[in-house]
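Here the structure comes first, spelled out in structure tokens, and everything after it is commentary.
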Amino acid sequence: MTIPDDRDIQGIDWRSKLTPEQYRVLREGGTEPAWTGPLNSNKAQGDYVCAGCGAPLFRSDDKYDSGSGWPSFTAPMGGEAVDEHHDVSHGMTRTEVKCAKCEGHLGHVFPDGPGFKGLRYCINSASLDFTADEAGADRANSDSDGGGD
Ligand code: FE
């Protein structure tokens, strides 16, 4: 999957590209019901990419079981994969997480996660596609635990 450049993203017809549920979450800031997303229970090794533009967002090593019903991560991939915005909608003060490439809504980040940063990136499964590592891919760090408890 190739990542379109910014001009291409401006011109994308998101309604035809995305499923209605993906559109509701990514482009309208919606939230899928807990426990409904297929990637919540995914434990395979690989990359979680934006369902809108294909940008790599999260890595399986940073995924953990938060018990929330949504895919949860301790950190995004790299430093610039996601943008974080103050969000006061729905009577709550939260930090919204968006794809830095296409500005698609992903979910929110909360300060109650494990790991040394203590962050929980609570992400809609509908916002993500999963790209499994190729069998036999050379990952020398398969023994690391990512710092979770
Ligand atoms: Fe995106």
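Among the candidates Asp47, Asp129, Asp61, Asp83, single out the residue that is under 17 Å from Glu32 (Cα atoms), surrounded by fewer than 23 Cβ atoms within 10 Å (Cβ to Cβ), of a type in the set (Asp, Glu) and at pLDDT 95 or above.
Asp129
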Complete set of residues in segment 58-96 that are hydrophobic (A, V, I, L, M, F, W, C) and either more than 18 Å from Ala126 (Cα to Cα) or free of Cβ contacts under 8 Å to residues at least 40 places away in the same chain (or both): Ala75, Met77, Ala81, Val82, Val88, Met92
Residue that is nearest to Val82 (Cα to Cα), among those in segment 122-135 that are in a strand (DSSP E or B) and more than 15 Å from the ligand (Cβ to nearest atom): Cys122
Only one of Glu96, Glu103, Glu28, Glu84 is among the acidic types (Asp, Glu), closer than 25 Å to Asp13 by Cα and over 13 Å from the mean Cα position of the chain (by Cα). Can you tell me which? Glu28
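Only residues that are more than 14 Å from Leu39 (Cα to Cα), surrounded by 14 or more Cβ atoms within 10 Å (Cβ to Cβ) and not aliphatic (A, V, I, L, M): list them for segment 64-80, please.
Thr74, Pro76
At least 3 residues that are touching a strand residue (DSSP E or B) at 6+ places or on another chain (Cβ under 9 Å) and away from the ligand (no atom under 16 Å from the Cβ) in each: list the strands (runs of 3 or more DSSP E) lying fully within segment 13-111 that qualify. Give the derivation first.
Values: elements: 46-50, 56-59, 82-87, 94-99, 105-110.
Here the list reads 105-110.
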Within segment 112-135, restricting to residues that are among the acidic types (Asp, Glu) and touching a strand residue (DSSP E or B) at 6+ places or on another chain (Cβ under 7 Å), the one that is farthest from Ser68 (Cα to Cα) is Asp133
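The values are calculated or read from the model by the stated rules, or taken from the named source; none is laboratory data. Every value quoted in this text rests on a predicted model; they were computed, and no experiment measured them. Quick reminder, even Gly has a Cβ in these numbers, built from the backbone with ideal geometry, and neighbours come from all protein chains shown.
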